[in-house]
Every structure is written in C-alpha cells, then in structure tokens.
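The values are calculated or read from the model by the stated rules, or taken from the named source; none is laboratory data. Please read these numbers as outputs of a predicted model, since none were measured by experiment. A quick note on method: Cβ atoms are made from the backbone with ideal geometry, for glycine too, and the neighbour counts reach across all protein chains shown. SASA here: full protein model, heavy atoms, side chains in, ligands and nucleic acids out. Shrake-Rupley method; radii C 1.70, N 1.55, O 1.52, S 1.80 Å.
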Amino acid sequence: MSTFKHSKHEIIPCERCGSAIECKANAYTKCQCSVVQLSINEVQYISELYDGCLCANCLKELQEEYQETIS
C-alpha cells in the first residue's frame, strides 16, 4: 500500500471504501474523522472490524450499523 505526501500530511486510502483521505494524526482535531463523535462502545465495535484509518462517511455508516445491532 503506497501513501502520497501532501504538505505535512499523508494521503491514505480508507480501509473500508478505499477513498483517499488526508491523515492528520498529528493535528487530530483538524482531521476529517474527528467530525464523527463515537461512543466507547462504537469505537470498540469498529476497531474489531478495522485496524486502519476510515473516512468520516464510513465511520458514520459503521456507527449506524452498530446502533442497529443494539436496537
């Protein structure tokens, strides 16, 4: 898996859908994934399925998927 350098951040693929996302791990509050507020249970659910970074859309979808499993 190759990554591309873009300014100070890396462009990486979302592990779930493959779309390009700009990883801002060194500036987490500015990263696109920070817009999705996950509970600790949702984080655990997602981390059991994926190891890498996910885009905000996939995080939202997985959050909804988790909510459906507990309903």
The correct count of residues that are open to solvent by 50 Å² or more (accessible area, probe 1.4 Å) and either assigned to a helix (DSSP H, G or I) or in contact with an Asp or Glu (Cβ under 8 Å, 6 or more places away or on another chain) (or both) in region 36-64 is 14
Pairs returned, first residue in region 17-44 that is on the phi < 0 side of the Ramachandran plot, second residue that is open to solvent by 80 Å² or more (accessible area, probe 1.4 Å) and not hydroxyl-bearing (Ser, Thr, Tyr), beta-carbon separation under 6 angstrom, 6 or more apart or interchain, are LYS24/LYS30; VAL36/LYS60
